[in-house]
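Below is one structure, written out as C-alpha cells, with a few remarks after it.
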Amino acid sequence: MTSSAIEVRELLIYPIKSCAGISVNEAQTTKYGLSLPSNSLLSDRRWMLVKDGRQRNQRHLSRMALIRPSFTSLGLQVDAPGMTPLVIPYSPLPDDIIDIEY
C-alpha cells in the first residue's frame with residue numbers, strides 16, 4: 001500500500017450560497033460542511049439570498065460571484081461592486097426570519 005502526502009493550501013468557507021468564499025486559517029467539519037470553531041453560524045452555506053421567498057443562485061444571477069461576504073464583530077458583512085455594504089446580525093430578530101421554498 002502506498003501513501004501519499006496531502007497538502008492543504010487554503011481553507012475556504014462559503015457562508016452565502018453562490019457568493020464568494022472567505023479564506024480562513026482553521027475550520028472544523030460538521031455534518032453541514034466547514035465551520036469556524038468560534039461560531040457555528042459562521043459556516044458553509046448557512047445564508048442565502050432570496051426573492052419572493054425563493055432562493056437565488058448563480059444559475060439565476062451569475063453576478064452573485066462578485067458578492068463578497070466577511071465576518072465582523074457586528075455580523076456578516078456583504079459587499080458588492082457599486083453597493084453600500086450591508087451588515088446582517090448573527091442573531092436575527094424573529095420578524096427578520098422568512099420561510100423559503102426549495
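Observations
- Only Cα pairs under 8 Å and 6+ residues apart enter the sum, and on that basis the relative contact order of the stretch 11-93 stands at 24 percent.
- Leu42 long-range amide H proximity, modeled H, under 5 Å: Leu36
- Under the simplified labelling scheme, the Lys17-Ala5 pair shows an inter-label distance of 3.9 nm, with each label point 7 Å from Cα along Cα→Cβ.
- Size of electric dipole in the chain: Cβ of Lys, Arg +1 and of Asp, Glu -1, about Cα centre, debye, nearest 20: 320 debye
- nm² value of the averaged projected area, convex hull over the Cα atoms of the chain: 9.3 nm²
Throughout, read-outs are computed from the coordinates displayed, never taken from laboratory work. Bear in mind that the values here come from a model prediction, so they are computed numbers and not experimental data. We place every Cβ from the backbone using ideal geometry, glycine too, and count neighbours over all the protein chains shown.
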